[in-house]
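For reference, the structure is listed below as structure tokens.
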Amino acid sequence: MRHDAVRGHLDGLLLAVVEPGPLHGYAIITAVQERSGGALELRTGTIYPALNRLERVGLLRSDWEAVGQRKRRRYELTEAGRRQLAEERSAWRDFTRVIGAVLDPAPVPGAASGAAT
């Protein structure tokens, strides 16, 4: 899938995969890849700045989790993040409905199939 196809939807993708519960960065990358059936492979250079931005604007919060001798940052949705995710989903449904109506129109009842007049 083209990288530019994801542009504009990254925030929604990240919020959606974090919705079930806190995840660290690599788990977020893996979740996006798994949910997309491998079609989306987001780079760390894309994900971490986006996660930091989403935290700065209050859509995510993070804490540190100790794993053995290492610490890793876990991200989770805030209430504002849940509201934003609902808006992202609604906007996505509207977008796909409108674009789908143009790219793959439903047949018009009673219209003759074949050449246009």
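None of the figures in this text is laboratory data; all of them are computed from the coordinates on show. Just so you know, these numbers come straight off a predicted model, no measurement behind them. Here the Cβ positions follow ideal geometry from the backbone for every residue, glycine too, while neighbour counts run over all protein chains shown.
The Cα trace of the chain gives Rg and Dmax of 19.0, 73 Å, the first to one decimal, the second as a whole number. Amide H contacts of HIS24 (H built 1.01 Å from N, in plane; Pro and chain starts excluded): TYR75 sit under 5 Å, all sequence-distant by 5 or more or on other chains. Computed extension gain for ARG43 through VAL108, at 0.36 nm per residue and net of the alpha carbon distance, reaches 19.1 nm. With respect to the chain, whose longest principal axis is taken over its alpha-carbon atoms, helix 25-35 is tilted by about 30°. Using only Cα atoms, tell me the angle between helix 79-103 and the longest principal axis of the chain; keep it within 0 to 90° and round to the nearest 10. Here the helix axis deviates by roughly 20 degrees.
Residues whose amide H lies under 5 Å from that of GLU19, counting only those 5 or more places away or on a different chain, are absent; hydrogens are built 1.01 Å from N in the peptide plane. Loop exposure criterion: trypsin sites (Lys or Arg not before Pro), DSSP state outside H, G, I, E and B, at most 11 other Cβ atoms within 10 Å. Applied to the chain, the longest stretch between such sites is 44-117.
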